[in-house]
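Report on one structure; see the data block that follows.
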Amino acid sequence: MSDLERKQLELGKRPALVLVDIINGFTDPRCPLGSDADSVVEANQRLLARFRRLELPVFFTTVVYRDAGQARVFRRRLPALEVLRPGSSWVEVDERLQRRENEPLIEKCWASSFFATDLAERLSALKVDSLVITGLTTSGCVRATAVDGLQYDYPVFVPREAVGDRNADAHEANLFDIHAKYGDVLALRTLLDTLDSRSA
C-alpha cells in the first residue's frame, strides 16, 4: 500500500513551546518511570533559550494524582504512575530547565496535555498559531499531545532531539507515525533556524 501524500506545515508567527512531562520522574533513571534523558534535557535547554529570547509562550506539564478518583483505569494499567503524588520530587520539573514563574505549569492526569486541562484556553488567549511539542515520552504523552494539538487545529512540530522514550523502537515508530499524520518531525537545528528566520 502506498503512503499518503502529505504537505509540509508552516511554523506560525506566534508558536508556543509545550514541554511535556520533563519532570524528575521521567528524567531520573532511579524512578520506575525514568530513563537516561540527558540529551533530551539538553535539547530542550536550547529550545527554551530561543523561545525566551524571542518572548514566545512557553508551557510545562507534569503528571500529578491528588486523589484516588483521578485516572483510575490508567493508574490500574500502569501501577508505576502511583509515585506521581503531590509533594514528591518526581512531579517537579527537572531543575536543569530552570522554569520561570511566568511559564505556566499544567497539571494533568492522562497522557494528553490537553485532556481535562485548560491548555487549549490558555493557548487561545495568547493567540498562539502553532505548537512545538517536546518532552517525554514519545510513545505516550508526547504523541497524545501532538494528536490533540492537531485536533485543536494547530500546526504541530516535534524536534526529534527534544523528545525521548524508554523504548528506542517505540520512540522511532511513534516519530514515524506523528510525521506521517499529525505534524512535522524535524531536526532541532532546522527548527531553531526557522525560529530565527521568523524573528529577522
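Any read-out appearing in this document is the output of simple, stated calculations on the displayed coordinates, not a laboratory observation. Quantities reported herein were computed from a predicted structural model and do not represent experimental measurements. Note: ideal-geometry Cβ built from the backbone for every residue, glycine included; neighbour counts use all protein chains shown.
Once the Cα-Cα distance is subtracted from the 0.36 nm per residue extended length, the LYS13 to LEU78 segment shows a gain of 19.5 nm. Cross-link partners for LYS108 among the lysines, with Cα-Cα distance under 26 Å and sequence neighbours closer than 8 places in the same chain left out: LYS127, LYS181. Counted by Cβ distance under 15 Å from ALA71, the other residues give a net charge of +3, where Lys and Arg count +1 and Asp and Glu count -1. Per residue, the chain reaches -9000 deg cm²/dmol at 222 nm when only DSSP H runs of four or more residues are counted, each adding -39500 (n - 2.57).
Spatial offset of the stretch 85-138 relative to the stretch 1-60 amounts to 11 Å, using the alpha carbon center of each. Amide H contacts of ALA16 (H built 1.01 Å from N, in plane; Pro and chain starts excluded): ASP129, SER130, LEU131, VAL132 sit under 5 Å, all sequence-distant by 5 or more or on other chains. Other residues lying with their Cβ under 14 Å from the Cβ of VAL20 contribute a combined charge of -3, Lys and Arg counting +1, Asp and Glu -1.
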